[in-house]
1. State whether one or more residues within region 246-257 are charged (D, E, K, R), modelled with pLDDT under 85 and at positive phi.
2. Looking at region 313-354, which of the residues that are among the hydrophobic types (A, V, I, L, M, F, W, C) and part of a loop (DSSP other than H, G, I, E, B) is modelled with the highest pLDDT?
3. From 478, 497, grab the single residue that is loosely packed, with under 15 Cβ neighbours inside 10 Å and polar (S, T, N, Q).
4. For region 389-403, which residues satisfy the criterion of being β-branched (Val, Ile, Thr) and assigned to a loop (DSSP other than H, G, I, E, B)?
5. Taking region 314-336 as the region of interest, how many residues are closer than 19 Å to residue 299 by Cβ and open to solvent by 40 Å² or more (accessible area, probe 1.4 Å)?
6. Do any residues in region 456-475 that are surrounded by fewer than 18 Cβ atoms within 10 Å (Cβ to Cβ) have Cβ atoms under 7 Å from those of residues that are modelled with pLDDT under 90, where the two are at least six apart or on different chains, and which pairs are they?
7. Consider region 217-245. How many of its residues are touching a Gly at 6+ places or on another chain (Cβ under 7 Å) and modelled with pLDDT under 90?
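The values are calculated or read from the model by the stated rules, or taken from the named source; none is laboratory data. Given the structure is predicted, the values throughout are model-derived calculations rather than measurements. With ideal geometry, Cβ positions are generated from the backbone for all residues, glycine too; neighbour counts draw on all protein chains shown. Areas reflect the complete protein model, heavy atoms only, side chains present, ligands, DNA and RNA absent. Shrake-Rupley method; radii C 1.70, N 1.55, O 1.52, S 1.80 Å.
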Amino acid sequence: MAMLESIVVFTLLLLMLILIIILILFAFKPWRFFSSLLSFPSRSRSIKVEDVERPLVSDDVNHSQDQSNDLTRNYDLEGACYQSEALLRSPRNKGLVHKQRLPSASPHQGDSLVLEISDPSEDLLVGQTLKHPLATEHLIEALKLGRPENQNENSIQEFVPKVISDQRSCLSLEVVSGPSRGIRCSVQSTNPSRLPLTLGRVSPSDLLLKDAEVSGKHAMITWNSNKLKWELVDMGSLNGTLLNSQPINHPDSGSRQWGHPMELASGDTITLGTTSNIQVRILSQNECMVPFGVGMISDPMSLRRGGKKLPMEDVCYYQWPLPGIDQFGVFGICDGHGGVEAAKSASKILPEMLATILSDSVIRERVLSQHDASDVLKDAFLRAEANMNNYYEGCTATVLLVWADADENFYAQCANVGDSACLMNVGGKQIKMTEDHKISSYSERLRMEGMGEPLRDGETRLCGLNLARMLGDKFVKQQDSRFSSEPFISESVHINQTSGAFALLASDGFWDVVTAKKAIQLVAQEREKELMAESEKENLAEKIANVLLNEARTQRTKDNTSIIFLDFDSTSRRISCKVDDP
């Protein structure tokens with residue numbers, strides 16, 4: 001009996017021991033150690049550029065090579081860099097380590113980015129490809145093309161995002177009170193030979209002020225290339241310097257010590273002594289170079305009847321001058337339908353085509369001598385349509401080409417497809433520069449009748465569209481030959497700068513609710529207010545553009561609204577920023 005009890009106790013102890021061992025095994029999972037050893041060679045290596053598209057544990061080199069060859073080479077460097085940042089911050093970056101070295105002296109050299117598998121990821125299976133956003137393909141190709149030959153195989157060159165924006169600036173000063181009232185001075189940030197700009201009572205100060213309260217060397221303005229800001233500093237003047245009525249000179253005026261640099265903004269007032277006030281104007285490079293006033297504004301601002309917000313599909317743009325062509329500039333509005341991509345494409349391609357065509361000196365001289373750019377505009381639209389790959393999206397396109405001849409006479413000529421319109425007013429004479437290309441318009445019905453394919457009575461749409469001419473929409477153009485991308489081209493207009501001339505470009509969201517007569521009245525009213533005002537306004541063209549937009553808002557337009565206002569009136573033109581080299 002004792003023997004039986006011993007056997008039972010031993011069996012129970014053995015069972016308990018086995019149970020404890022099983023619990024320990026499930027708790028610590030020691031088999032993972034052996035699994036990691038077996039898979040270690042395939043997961044410890046860094047991912048090379050060629051491997052990003054390759055299945056993580058696949059040895060099919062040919063398959064990987066085929067995938068990498070399919071990557072597009074038409075990549076956008078800036079966009080690719082931002083996509084790479086999004087990739088590294090994605091929720092699946094658990095298995096990716098972003099190792100960025102400390103910046104070198106040059107931010108565009110010496111940096112590297114290492115992508116390596118550092119942690120086992122239970123989500124990655126045999127044969128599974130590492131997923132990434134579609135746009136990351138551009139990054140991969142950019143990195144492949146930009147990798148130095150002597151670069152380590154375990155790293156790929158990092159492309160630091162470059163801000164593709166014009167960082168140049170122009171500073172204009174005007175003495176608005178004091179003994180030297182009326183004196184003006186301008187300088188550009190890209191002209192180091194004229195910087196710093198000094199203000200004082202004696203030569204060689206750049207802005208000479210014949211004011212007894214101004215020190216010989218009173219203050220200095222310089223361009224801070226790190227902050228991209230203009231800065232003003234008092235040079236130890238006796239009577240001090242005020243910026244917007246606040247002193248910026250050193251507290252101990254008798255010590256002749258310099259004050260601390262203070263950032264300047266457009267509209268600031270600098271006071272030297274007590275009577276000499278200087279108005280500050282700061283303009284971007286585009287604003288500096290345009291020899292007339294420009295106001296540009298857009299606003300989606302409408303709601304569909306169901307309460308759903310209308311997406312913004314307008315794109316307005318301008319370039320002055322066109323790249324490499326100092327005498328010509330372009331101003332345009334594209335109103336997209338079915339999306340904004342066609343409008344974006346057209347707004348980019350049209351200026352490029354105009355610049356390409358006008359780069360031919362023979363063509364350019366013919367335009368200048370004949371005062372006519374009809375062939376240039378027509379060719380630009382033809383090329384733009386050929387270069388656009390928008391099959392299910394389209395857009396209107398209204399382009400105003402402006403140029404100046406050797407005698408500084410301005411000329412303007414317009415081309416358009418769709419219903420974004422341009423109006424000019426020269427010497428009180430209203431000039432319509434565009435043609436309406438809606439299906440319901442009389443001119444389009446005549447055109448289709450001439451093609452032998454007239455519209456039926458009451459028909460106002462083709463393939464669901466109310467426009468007969470547009471850029472893009474390749475699909476519907478294949479379905480119906482009555483659609484066209486051929487532009488209407490206006491006569492060229494000579495602009496007399498003393499006649500109060502202006503041009504107004506706007507999308508149909510504006511013209512649907514504001515008549516041409518009302519628009520001209522609003523412009524006249526704002527100009528009259530400007531003449532009555534004692535102080536100079538920031539930018540009359542910008543103010544008028546805002547007034548016009550507000551009128552469309554007041555009239556409850558139900559469409560996107562974009563406006564470009566060009567003020568050719570010499571009496572309201574801003575200070576020129578062009579500074580001749582000494």
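1. yes
2. From region 313-354, those among the hydrophobic types (A, V, I, L, M, F, W, C) are 315-316, 320, 322, 325, 328, 330-331, 333-334, 340, 342-343, 346, 349-350, 353-354; that's our starting set.
Of the ones still in play, those that are also part of a loop (DSSP other than H, G, I, E, B) are 320, 340.
On the way: 320: 88, 340: 93.
Here the residue is 340.
3. Working: 497 fails: loosely packed, with under 15 Cβ neighbours inside 10 Å.
Matching residue, one of 478, 497: 478.
4. Scanning region 389-403 gives a single hit, 396.
5. Taking region 314-336 and keeping what is closer than 19 Å to residue 299 by Cβ, we get 314-318, 331-336.
Now restrict to residues that are open to solvent by 40 Å² or more (accessible area, probe 1.4 Å): 318.
The total comes to 1.
6. Pairs that qualify, where the first residue is surrounded by fewer than 18 Cβ atoms within 10 Å (Cβ to Cβ) and the partner is modelled with pLDDT under 90, are 460/440; 466/460.
7. The total comes to 1.
Every residue, every condition in (1) touching an Asp or Glu at 6+ places or on another chain (Cβ under 7 Å); (2) at pLDDT 90 or above; (3) assigned by the TED database to the domain that holds residue 341; (4) of a type in the set (A, V, I, L, M), yes or no:
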| position | (1), (2), (3), (4) |
| --- | --- |
| 475 | no, yes, yes, no |
| 487 | no, yes, yes, no |
| 495 | no, yes, yes, yes |
| 500 | yes, no, yes, no |
| 503 | no, yes, yes, yes |
| 507 | yes, yes, yes, no |
| 520 | no, yes, yes, yes |
| 538 | no, no, yes, no |
| 559 | yes, yes, yes, no |
